[in-house]
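This report concerns only the one structure given below.
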Amino acid sequence: MYRHNVNGKIIEIALRDITESDTTAIVNAANTHLWMGAGVAGAIKRKGGIEIEKEAMQKGPIQIGEVVTTSAGRLPMKYVIHAPAMEPGMPANEENISKATKAVFAECQRLKIESVTLPALGAGVGGVTPEHATEAMMRQAINHIRAGNAFPKRIVFVGISKNVVDAFEKAFQKLQK
């Protein structure tokens, strides 16, 4: 695991199942219709319960750059923030990943969420390489912190494979130069 201090806020990067995070909220790599199929969404629905998907879908569909926050069902955290980086059946791209990530941090600020865990949005079924997805996301995290926002105080980026974790760390190092 990597741990960095940026202007008094913590950025962590870890090899971890997002459903086992110890943060206040986790982020679902959603689509704009908010139905939860495979990948991160499927894992959240399997472990947290179908009620998460039902609650999300009652609030949608939404546009890329918007988020929906729901309860976390049977998961240990308080919230699931559903952040679409793609339309159903369409590929993701760096611009949409960036918009989705920015919206997550704005929601954390609005709800005063202390800590949040994010997967590599768009790097699964979205078809974006981990390197491109993680750099777009890390840039938004650093920009949010440097803008002086109070929340979240701790941002955790997770991957279920070492190459995604390494891509997040490489992006952090690149953006610190």
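Computed from the coordinates by the stated procedures, all read-outs in this text should not be read as laboratory data. The structure presented is a predicted model; accordingly, all values stated were derived computationally and were not measured. Every residue, glycine as well, gets a Cβ built from its backbone with ideal geometry; the counts of neighbours run over all protein chains shown.
General observations
- Where labels lie 7 Å past Cα in the beta-carbon direction, separation of LYS177 and ILE160 in nm: 3.3 nm
- Dividing the summed helix terms, -39500 (n - 2.57) for each DSSP H run of n ≥ 4, by the number of residues in the chain produces a 222 nm estimate of -12500 deg cm²/dmol to the nearest 500.
- In this Cβ point-charge picture (+1 for Lys and Arg, -1 for Asp and Glu), region 82-154 has a dipole of about 420 debye about its Cα centre.
- Measuring between their Cα centroids, region 55-73 and region 15-44 lie 12 Å from each other.
- Inter-label distance, nm, simple model (7 Å from Cα along the C-beta direction), ARG110/ILE50: 2.9 nm
- Residue pairs, from the table LYS54/LYS174; LYS112/LYS162; LYS59/LYS102; LYS78/LYS102; LYS47/LYS174, whose Cα atoms sit over 29 Å apart: LYS54/LYS174; LYS112/LYS162; LYS47/LYS174
- FRET efficiency estimate (nearest 0.05) - Cβ-Cβ, ASN5 to ALA150, R0 25 angstrom: 0.95
- Under the convention that each Lys and Arg Cβ holds +1 and each Asp and Glu Cβ holds -1, the size of the dipole of the chain around its Cα centre is about 460 debye.
- Three-way shape label, region 2-175, alpha-carbon gyration tensor, a/c 1.5: rounded
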